[in-house]
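Notes follow the structure.
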Amino acid sequence: FSRNRTNKGDFVDVRSPLFCVGGQEKPMRMEEKIKAGTLNAADWLQILRCSEWDDILRQTADQLRQEVYGKDVYLRGLIEYTNFCKNNCYYCGIRCGNTKAVRYRLSKEEILACCEEGYTLGFRTFVLQGGEDPASTDAWVCSVVSAIRERFPDCAVTLSIGEKKKSSYQAYYNAGARRYLLRHETANPEHYRHLHPAELSLENRKRCLYDLKEIGYQVGSGFMVGSPGQTLSHLVEDLQFLQDLQPDMIGIGPYIAQKETPFAGHSNGTLALTLRLVSLLRILFPYALIPATTALGTIHPQGRELGLQAGANVVMPNLSPTEVRKDYLLYDNKICTGDESAQCRHCLERRMASVGYQVVTSRGDSLNI
Ligand code: SAH
């Protein structure tokens, strides 16, 4: 199969009403297209609308993933190093407007101690994630990245610290960071404005992603499923944007309401739609590194196992110190906030094994590079 299995030019007006057609012929035709990887945007919309093709989607995605990655699941150690943030994204629990959030920031030494523990537990990728904390200057980020690279030369450093100037991204790269996670959140400009305050723009978020690619990072993007105001057409636009970007990693998870945000009380994204999208992403991007996210594990006790079975091949156990975990609350009821790193690591290994997959400790670089 080729890497980009869908004909990019083959778009339809996704706003035209399309219905999930039952009966004999249509579903067969769709089944063939799913297996052959020849779906177009109109097909995506139809697939997202109903559960009709869920089994065939999952089977096809699982088979593709096994062809490329076998039964291996890559481990990433997530270090949530600061929950200070200058942004005020309406969906996010660590937005600056949340006065109830208890703010913390780990020191370089504390971050290195997390890596030390993670290394002993078999982690070979460390993901530094945080709010856009003005105290994390470029010089500080670079010194943390190079310290990790020096002490653990066989490990990859991934950053997930938001929108920066290209020169900042270049500096982090020069310090040794090779991967960057920045979800685009939604590819529809109006929907983007619905989710973010006026000073943030989709245009700048996209600029960041293309800058990161140009510098040579392995880039991860993605979106929330079921975020306030999202339609299925928006999700089609998300897939189209990802086809344009061709990311190495794609993270999606259900939107989950957080009680101290303007969207408190809004309904959460569903397990079914998230899994359907994981499968579709695997079919569209056979080589992608796709995590079974913590958010998926939060909306269903077996969410991450189901994510694996739907086509995901990465898990990101938490390596943050237990004392701060309860304060990195992007959304309500987040799992694993009381656990120790070793517990998370071994719990996930058991969970993956229970559905027939094996956690591996290699770096798990993108096969696209
Ligand atoms: N500041 C960094 C990291 C953001 S947190 C950045 O801008 O990239 C990582 C991801 O958590 C976000 O990209 C968003 O997609 C997700 N997230 C935030 N709030 C959420 C919520 N309420 N429900 C589900 N996912 C959420």
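When Tyr91 is tested against (1) within 12 Å of the ligand (Cβ to nearest atom); (2) within 19 Å of Val324 (Cβ to Cβ); (3) not hydrophobic (A, V, I, L, M, F, W, C), exactly one condition is not met: (2). When you go through Phe223, Phe241, Phe263 one by one, which is the residue that is within 16 Å of the ligand (Cβ to nearest atom) and surrounded by 23 or more Cβ atoms within 10 Å (Cβ to Cβ)? From the options Phe223, Phe241, Phe263, the qualifying one is Phe223. In this entry, Gly297 passes the filter for residues that are within 14 Å of the ligand (Cβ to nearest atom) and part of a helix (DSSP H, G or I). Among the candidates Thr120, Thr125, the residue that is surrounded by fewer than 22 Cβ atoms within 10 Å (Cβ to Cβ) and of a type in the set (Val, Ile, Thr) is uniquely Thr120.
To keep it simple, each residue is scored yes or no on (1) within 14 Å of the ligand (Cβ to nearest atom); (2) over 28 Å from Ala177 (Cβ atoms); (3) surrounded by 22 or more Cβ atoms within 10 Å (Cβ to Cβ).
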residue	(1), (2), (3)
Ala198	no, yes, no
Ser233	no, yes, no
Leu245	no, no, no
Leu273	yes, yes, no
Arg282	no, no, yes
Tyr287	no, no, no
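Would you confirm whether or not the stretch 135-151 contains a residue that is within 16 Å of the ligand (Cβ to nearest atom), closer than 17 Å to Ser320 by Cβ, open to solvent by less than 40 Å² (accessible area, probe 1.4 Å) and assigned to a strand (DSSP E or B)? Checked against the condition, which is being within 16 Å of the ligand (Cβ to nearest atom), closer than 17 Å to Ser320 by Cβ, open to solvent by less than 40 Å² (accessible area, probe 1.4 Å) and assigned to a strand (DSSP E or B), the stretch 135-151 yields no hits at all. Residue check: is Leu78 within 12 Å of the ligand (Cβ to nearest atom) and either closer than 21 Å to Lys164 by Cβ or open to solvent by less than 30 Å² (accessible area, probe 1.4 Å) (or both)? Yes, satisfied. Taking into account only those residues within the stretch 305-324 that are open to solvent by less than 40 Å² (accessible area, probe 1.4 Å) and aliphatic (A, V, I, L, M), which is nearest to Asn83 (Cα to Cα)? That would be Val324. Just for the stretch 152-177: of the residues that are away from the ligand (no atom under 13 Å from the Cβ), touching a residue at least 60 places away in the same chain (Cβ under 8 Å) and not aliphatic (A, V, I, L, M), which one is surrounded by the fewest Cβ atoms within 10 Å (Cβ to Cβ)? Step by step, filter the stretch 152-177, then rank; the result is Asp154. Among the conditions (1) closer than 26 Å to Leu367 by Cα; (2) open to solvent by 30 Å² or more (accessible area, probe 1.4 Å); (3) part of a helix (DSSP H, G or I), Glu203 misses just one, which is (1).
A single member of Pro228, Pro286, Pro262 is farther than 30 Å from Lys100 by Cα and assigned to a loop (DSSP other than H, G, I, E, B), and it is Pro286.
Scanning the stretch 325-333 finds no residues that are open to solvent by less than 10 Å² (accessible area, probe 1.4 Å) and in contact with a Phe, Trp or Tyr (Cβ under 6 Å, 6 or more places away or on another chain).
If the condition is being over 18 Å from Glu32 (Cα atoms) and touching a Phe, Trp or Tyr at 6+ places or on another chain (Cβ under 7 Å), then the stretch 256-284 contributes Ile256, Ala257, Gln258, Thr261, Pro262, Phe263, Asn268, Gly269. The number of residues in the stretch 139-182 that are polar (S, T, N, Q) and in contact with a helix residue (DSSP H, G or I) (Cβ under 7 Å, 6 or more places away or on another chain) comes to 4.
The values are calculated or read from the model by the stated rules, or taken from the named source; none is laboratory data. Note that this is a predicted model, so its numbers are computed, not measured. Note: ideal-geometry Cβ built from the backbone for every residue, glycine included; neighbour counts use all protein chains shown. Quick note on the areas: whole protein, heavy atoms, side chains included, nothing else; ligands and nucleic acids left out. Shrake-Rupley method; radii C 1.70, N 1.55, O 1.52, S 1.80 Å.
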